[in-house]
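**Q** Quick one: the structure is below, and I'll ask about it shortly.
None of the figures in this text is laboratory data; all of them are computed from the coordinates on show. Note that this is a predicted model, so its numbers are computed, not measured.
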Amino acid sequence: MDWWTKEDQRAYNLAAIQRDRDEHMAQKQPEGKIKTACRVIALAAKLLFWNIEGKSLNGVPDTLCSRVAGGIILIEFKVPGKYPTEQQYLRIWELRNQGIMAWWANSVEQWEVLVGLREGQYVVEYPQVVMDTVDKMYGEQMWL
């Protein structure tokens, strides 16, 4: 295979490691199973579905998805019935406040609504503790 370079082999190995890691996560964590199902649907719909790794800021959504209507959304996947932590809600608010689409999902159906594959809408509601934190950090006018 003269056409197969060391860079090709390295890229192939890295992709295999990521695939194995994703499969392991899907078996280990319930949200991993949701992500795996969403990834399959995204690929079939020709949408991006990337895990973001190596971030240096805690609470930032860990999945980047493209949307049917264009653009991207950052999504934090949670176990069904669970909600983001206060810090995750705060990071989502900070992203949205800068005009970046960000939210969380705990089901395939919720993800489909967020990326535009399913009719419906989601309501952006923050717990009071997050609203209080934003008020302290940024001032009450940030909610206007």
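**Q** Can you tell me the relative contact order of the range 32-115? Whole percent, Cα pairs under 8 Å, sequence separation 6 or more.
**A** So the answer I get is 29 percent.
**Q** Using the Karplus equation 6.51 cos²θ - 1.76 cosθ + 1.60 (θ = phi - 60°), what ³J(HN,Hα) coupling, rounded to whole Hz, does each residue of the range 58-68 give in order, writing x for Gly and Pro?
**A** So the J values, rounded to whole Hz, are 5, x, 6, x, 9, 10, 10, 10, 7, 10, 4.
**Q** Mind listing the long-range amide H neighbours of residue 104? Cut-off is under 5 Å, sequence gap 5 or more, other chains count too, H placed in the peptide plane at 1.01 Å from N.
**A** 76
**Q** Right, here's the next one. Name the long-range amide H neighbours of residue 48: under 5 Å, sequence gap of 5 or more, or other chain; modelled H, no Pro or chain starts.
**A** 66
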